[in-house]
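In what follows, a structure is listed as structure tokens, so that the remarks can point back to it.
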Amino acid sequence: MANSTDFLLALEGVTVSFDGFKAVNDLNLYIDKGELRVIIGPNGAGKTTVLDLICGRTKVSSGSIKFKDQEITGLKEHDIVKRGIGRKFQTPSIYEDLTVFENLEISLPRGRNVVGALLWNRTPEIVERVREVTEMIFLADHLDRLAETLSHGQKQWLEIGMLLIQDPEVLMLDEPVAGMSVSERAKTAELLNKIIQNRSVVVIEHDMKFVESIAHRVTVLHQGKVLAEGNMDAIQADPKVKEVYLGH
Ligand code: ADP
Ligand code: MG
């Protein structure tokens, strides 16, 4: 058994059953500090469920999830966010009728609800922090645009920004480049590489070209278990992986 103190995030023996079906089955997964980990695997492999378990949306049936060597299994979603784990869902949950600036402003940690957050004074610190984040997410020139007028890719970046502004230690993203153009994908890879300069990132992704462009380590999930783990070259040469992806 690995020493979990070495890892930022450690899942050990994690199982979840939905009516007897084990979507995640005795899974061990370790994420290092400063790592960009990509999780791939066929549809139904359990990828999204793993993120649901880490962020507390779904309860484990058995096993342990530790963050910075502290058990987070069973904590409420809200408490897990407060500890520093941010998660982006597949569909962006931005406020369409607010501007880019306002979306980021209300996502600052003290923003509990839209009305309350907008009543606060816009201190120079808040403006500066929002600017910093918009630079990272390629929206610095779009601060006053209504979110509904952004492209699909820009909306995805805005949502990443809404997580970044909360300064999480781990950011988890479920298929962030789905539906993005080629140039938006390239910029998203650039964004993720900037993000990992001071935090860990876990990304679920299907697009193999994108995976190649960002991955440090890749974990292949299959039937709720780790099928293979390693760098992209090792994964692509792995006969077990080839078998699972035949006809995919
Ligand atoms: P992936 O993201 O790898 O495509 P998921 O984690 O979404 O896979 O799903 C893994 C399996 O678990 C699928 O067979 C799915 O139907 C099932 N599943 C996921 N969530 C639930 C749920 N809340 N209730 C019942 N079955 C679920
Ligand atoms: Mg999924």
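A few comments on the model shown:
- In summary, LEU36 fulfils each of the numbered conditions (1) open to solvent by 10 Å² or more (accessible area, probe 1.4 Å); (2) touching a Ser or Thr at 6+ places or on another chain (Cβ under 9 Å); (3) more than 13 Å from ligand 1 (Cβ to nearest atom) with the single exception of condition (1).
- Pairs with Cβ under 6 Å, 6+ apart, first in the range 1-28 and modelled with pLDDT of 95 or more, second more than 16 Å from ligand 2 (Cβ to nearest atom) and assigned to a helix (DSSP H, G or I): ALA10/SER4
- Scan of the range 214-248 for residues that are of a type in the set (D, E, K, R) and surrounded by fewer than 16 Cβ atoms within 10 Å (Cβ to Cβ), ordered by number: ASP233, LYS240, LYS242, GLU243
- Note on the range 28-51: residues that are more than 9 Å from ligand 2 (Cβ to nearest atom) and either outside the structural domain of ALA10 (by TED's automatic domain parsing) or farther than 17 Å from GLU229 by Cβ (or both) amount to 2.
- Residue that is surrounded by the fewest Cβ atoms within 10 Å (Cβ to Cβ), among those in the range 52-73 that are more than 20 Å from ILE204 (Cβ to Cβ), in contact with a Gly (Cβ under 9 Å, 6 or more places away or on another chain) and of a type in the set (Gly, Ala, Ser): SER62
- For the range 19-33, a tally of residues being within 8 Å of ligand 1 (Cβ to nearest atom), open to solvent by 30 Å² or more (accessible area, probe 1.4 Å) and on the phi < 0 side of the Ramachandran plot returns 1.
- Selection count, the range 32-57, where residues are in a strand (DSSP E or B) and touching a helix residue (DSSP H, G or I) at 6+ places or on another chain (Cβ under 9 Å): 4
- Residue match in the range 215-224 (condition: more than 27 Å from VAL60 (Cα to Cα) and more than 16 Å from ligand 2 (Cβ to nearest atom)): yes
- Being small (Gly, Ala, Ser) and either surrounded by 19 or more Cβ atoms within 10 Å (Cβ to Cβ) or touching a residue at least 60 places away in the same chain (Cβ under 8 Å) (or both) is a property that holds for GLY153.
- Qualifying residue in the range 198-209 (condition: of a type outside the set (A, V, I, L, M, F, W, C), open to solvent by 10 Å² or more (accessible area, probe 1.4 Å), within 15 Å of ligand 2 (Cβ to nearest atom) and under 21 Å from ILE54 (Cα atoms)): yes
- Flag for GLU135 being among the acidic types (Asp, Glu), assigned to a helix (DSSP H, G or I) and out of contact with any Leu (no Cβ under 7 Å at 6 or more places or on another chain): yes
- Being free of Cβ contacts under 8 Å to residues at least 24 places away in the same chain and either more than 12 Å from ligand 1 (Cβ to nearest atom) or part of a strand (DSSP E or B) (or both) is true of THR73.
- Hits in the range 85-108 (condition: crowded, with 17+ Cβ neighbours inside 10 Å and in contact with a Pro (Cβ under 9 Å, 6 or more places away or on another chain)): ILE85, GLY86, ARG87, LYS88
- Residue within the range 1-18 that is open to solvent by 40 Å² or more (accessible area, probe 1.4 Å) and within 20 Å of the chain's Cα centre (by Cα) present: yes
- For the residues VAL182, VAL202, VAL177, the requirement of being under 19 Å from LYS33 (Cβ atoms) and β-branched (Val, Ile, Thr) singles out VAL202.
- Within the range 182-194, not a single residue is in contact with a strand residue (DSSP E or B) (Cβ under 7 Å, 6 or more places away or on another chain) and within 16 Å of ligand 2 (Cβ to nearest atom).
The values are calculated or read from the model by the stated rules, or taken from the named source; none is laboratory data. These numbers come from a predicted model, not from an experiment. Heads up, the Cβs are rebuilt from the backbone with ideal geometry, glycines too, and the neighbour counts pull from every protein chain shown. Calculation scope for accessible area: heavy atoms of the full protein, side chains included, ligands and nucleic acids excluded. Shrake-Rupley method; radii C 1.70, N 1.55, O 1.52, S 1.80 Å.
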